[in-house]
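Colleague: This is the structure I want to talk about, given as structure tokens.
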Amino acid sequence: MIHEKVDRELTKGVTALLLSAVLFAGTACGSAAAAGTLDTTAARRDKSQQTQTTIIDDEAVALAGQVDQTTDAAKQAKASLDLVNQQREAAGLSDLTWNDGLAQAAQVRASECATSFSHTRPNGTDWWTVNSDLMYGENLAQNYNSAKNVVAAWMNSPSHKANILSADYHTIGVAVYQDAKGVWYWAEEFGL
């Protein structure tokens with residue numbers, strides 16, 4: 001009788017502990033997913049990786065021009081420039097200037113990330129092959145629906161922060177692509 005009571009109490013305790021662990025894990029995972037995700041590391045290429053010929057994926061750039069971007073997504077992409085420049089100013093660096101060519105390349109990359117969230121393009125080529133004359137750094141993110149949140153996440157990642165605070169970069173283009181499910185994909189492209 002005493003053993004049965006101890007067993008019941010032990011079973012209740014273990015069950016409560018397991019239930020608590022499952023609820024905690026579900027809440028933590030749900031919160032992490034809602035907060036968004038970054039690619040594992042930012043991408044960079046240096047001047048020595050320049051190609052003999054310019055690579056511009058004209059077809060992808062043309063298709064990106066046809067992508068409807070929500071007004072809010074477009075505003076957030078532009079707002080990220082101000083936040084990035086605040087970070088650069090705080091670090092004693094000059095502001096980045098908006099580059100429409102990089103913004104087009106960013107739109108290509110943001111829309112491609114809905115298919116393949118990677119610094120490798122869906123066709124298997126390197127990220128910078130959208131426009132090899134302009135693209136020297138790339139930060140990607142998904143599931144962030146504000147410039148404030150995505151820039152904060154990039155600044156909390158050493159490799160993404162290094163891109164934002166690189167003195168080598170002078171130009172930037174940022175784009176957000178929103179898929180049919182409402183997921184936001186960010187591409188931040190840096191130029192020399």
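Colleague: Starting from the 7 Å offset along Cα-to-Cβ, what nm value, one decimal, do you get for the label separation of residue 45 and residue 91?
Modeller: So the label points at residue 45 and residue 91 sit 2.2 nm apart.
Colleague: Another question, if that's okay. Sum up the charges of everything whose Cβ sits under 12 Å from the Cβ of residue 106, counting Lys and Arg as +1 and Asp and Glu as -1, but leave residue 106 out.
Modeller: -3
Colleague: Counting only other residues whose beta carbon sits under 14 Å from that of residue 173, what net charge do I get with K and R as +1, D and E as -1?
Modeller: -3
Colleague: From the phi angles alone, apply the Karplus equation (6.51, -1.76, 1.60; θ = phi - 60°) to the range 101-118 and give each ³J(HN,Hα) in whole Hz, x where the residue is Gly or Pro.
Modeller: Per-residue couplings from phi come out as x, 5, 5, 5, 4, 5, 5, 4, 5, 4, 5, 5, 5, 5, 8, 9, 7, 6 Hz.
Colleague: Tell me which trypsin sites (Lys or Arg not before Pro) from the range 83-186 have a DSSP coil assignment and no more than 12 other beta carbons within 10 Å of their own.
Modeller: The qualifying sites are 181.
Colleague: Right, here's the next one. How large is ³J(HN,Hα) for each residue in the range 177-192, as worked out from phi by the Karplus curve 6.51 cos²θ - 1.76 cosθ + 1.60 (θ = phi - 60°), to whole Hz, x for Gly and Pro?
Modeller: 10, 10, 7, 4, 8, x, 6, 8, 10, 9, 10, 10, 10, 10, x, 7
Colleague: I would also like to ask the following. Long-range amide H contacts for residue 144: which residues qualify at under 5 Å (H placed 1.01 Å from N, peptide plane, sequence gap of 5 or more or a different chain)?
Modeller: So residue 144 has HN proximity to 37, 184.
Laboratory data are not the source of any read-out in this text; all were calculated from the coordinates shown. Model, not experiment: these values are computed from the prediction. Every residue, glycine as well, gets a Cβ built from its backbone with ideal geometry; the counts of neighbours run over all protein chains shown.
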